[in-house]
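Below you'll find the structure, written out as structure tokens, and then a few comments.
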Amino acid sequence: MATKSKSEAPALPPGRPTLKAFSAFADYIGLRLVEWELDNCVMELDVEDQVLNGTGVLHGGCLSTAIDTAVAHAAIYCTVPENYRSGATVTLTVNFILPVRKGSRVTIEARKTGGGRTMFMSIVEAKDEQGRIVATGQGIGRYRDGCHLPEGLPRPDGVPEGRSPPRFDR
């Protein structure tokens, strides 16, 4: 009879599909945007080998990346599907509360709490599959010019849905 390692959580049901394709790093760590509406988002991250630290638990940098991504996405939902909104985190505070084992699923819930024409604020709770808070976070971000409005800006030709135009010429 096979035994389960103490460092591995019980098998999880399949993860929910993502609503958005992410860029290289967020995609590599398996971050999924599973709920998204004005001023709120929910993301999921399944804890597998590629996101573990040297002690065999979820690496704080990966959890910080997920919280950072959620801070911004809570503020940049666009009410007009063909348009876009964009922003970047300016400050980020992450509080690590519990270690997260391989085989766990972390659900990251973010809510925009304020802001104006240039800046936004969001708060985040990250919970494991048992509903325990494993981390919290808060951040301040800056909207890209004109992206503070819920309807966003017209997407330039050649920029695919789900992506923002590049910040700099290449």
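The values are calculated or read from the model by the stated rules, or taken from the named source; none is laboratory data. This one's a predicted model, so the numbers in the text were calculated from it and none came from an experiment. Please note that ligands, DNA and RNA were not included when accessible areas were found on the heavy atoms of the full protein model with its side chains. Shrake-Rupley method; radii C 1.70, N 1.55, O 1.52, S 1.80 Å.
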**Fill in**
Rounded to the nearest 10 Å², the accessible area of Leu31 using a 1.4 Å probe with every protein chain kept is 10 Å²
**Complete:** Residue-ordered couplings for region 110-126, obtained by feeding phi - 60° into the Karplus form 6.51 cos²θ - 1.76 cosθ + 1.60 and rounding to whole Hz (Gly and Pro as x), are 10, 9, 6, 10, x, x, x, 6, 10, 10, 9, 10, 9, 10, 9, 10, 10
**Request:** Calculate I(q)/I(0) for region 62-148 by the Debye formula, one identical point scatterer on each C-alpha and no solvent, and give its log10 at q = 0.23 Å⁻¹ to two decimals.
**Result:** -1.00
**Message:** Rg over Rh of region 123-170, using C-alpha atoms and the Kirkwood radius, what does it come to?
**Reply:** 1.16
**Fill in**
Phi angles of region 12-18, converted by Karplus (6.51 cos²θ - 1.76 cosθ + 1.60, θ = phi - 60°) into ³J(HN,Hα) in whole Hz with x for Gly and Pro, give 9, x, x, x, 6, x, 7
**Accessible area of the chain divided out per residue, in Å², using a probe of 1.4 angstrom** = 56 Å²
**Asked** Nearest 10 degrees, 0 to 90: what angle lies between the long axis of helix 60-73 and the longest principal axis of the chain (Cα atoms)?
**Response** 30 degrees
**Asked** If you build the Cα gyration tensor of the chain and take the root of 5 times each eigenvalue, what three semi-axes come out, in whole angstrom, biggest first?
**Response** 31, 17, 14
**In order through region 80-89: 3J(HN,Hα) via Karplus (6.51 cos²θ - 1.76 cosθ + 1.60), integer Hz, x for Gly, Pro** = 10, x, 7, 8, 9, 10, 8, x, 9, 6
